[in-house]
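The values are calculated or read from the model by the stated rules, or taken from the named source; none is laboratory data. Quantities reported herein were computed from a predicted structural model and do not represent experimental measurements. Cβ coordinates were reconstructed from backbone atoms using ideal geometry, including for glycine residues, and neighbour counts include every protein chain displayed.
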Amino acid sequence: MAGKSLTQTQVIQNLAEDEQLTKKQVKALLDNLAALAYKEAKNGFILPGLGKLVLVQRKARTGRNPATGETIKIPAKKVVKFKVSKTAKDAILGTGTPKAAPKKAAAPAKKTAKKK
């Protein structure tokens, strides 16, 4: 990896500066967002522009103990996955075309008088 990940404190500080909010307000917002994500993940929780939390049911399967090579049965279970959105993937990997900002409506053209 090229650099270190942002810490929670750094994320809060950056958001507070960018949005002109206090750090307490940003922390409360992030805590509420996380609580909502935990509550709604079983139904699918979308973070616009980032991705989606989904609950997936894995089937029972057979596997191997890597130390002994013994075949073992792995029971069925539920897992939480995060599916990255195409927009986020393209922005991070630098592929595709980034979404352009919406264009402002053009001003109506001026009518010119005809010369005689």
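Observations, loosely collected:
- Taking the listed residues 15, 53, 33, the one that is of a type in the set (A, V, I, L, M, F, W, C), within 19 Å of the chain's Cα centre (by Cα) and part of a strand (DSSP E or B) is 53, with no other qualifying.
- From the options 39, 73, residue that is free of Cβ contacts under 8 Å to residues at least 60 places away in the same chain and in a strand (DSSP E or B): 73
Residues checked against (1) at pLDDT 60 or above; (2) charged (D, E, K, R); (3) farther than 30 Å from residue 39 by Cα; (4) in contact with a strand residue (DSSP E or B) (Cβ under 7 Å, 6 or more places away or on another chain):
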residue: 87; (1), (2), (3), (4): yes, no, no, no
residue: 91; (1), (2), (3), (4): yes, no, no, no
residue: 103; (1), (2), (3), (4): no, yes, yes, no
residue: 107; (1), (2), (3), (4): no, no, yes, no
residue: 113; (1), (2), (3), (4): no, no, yes, no
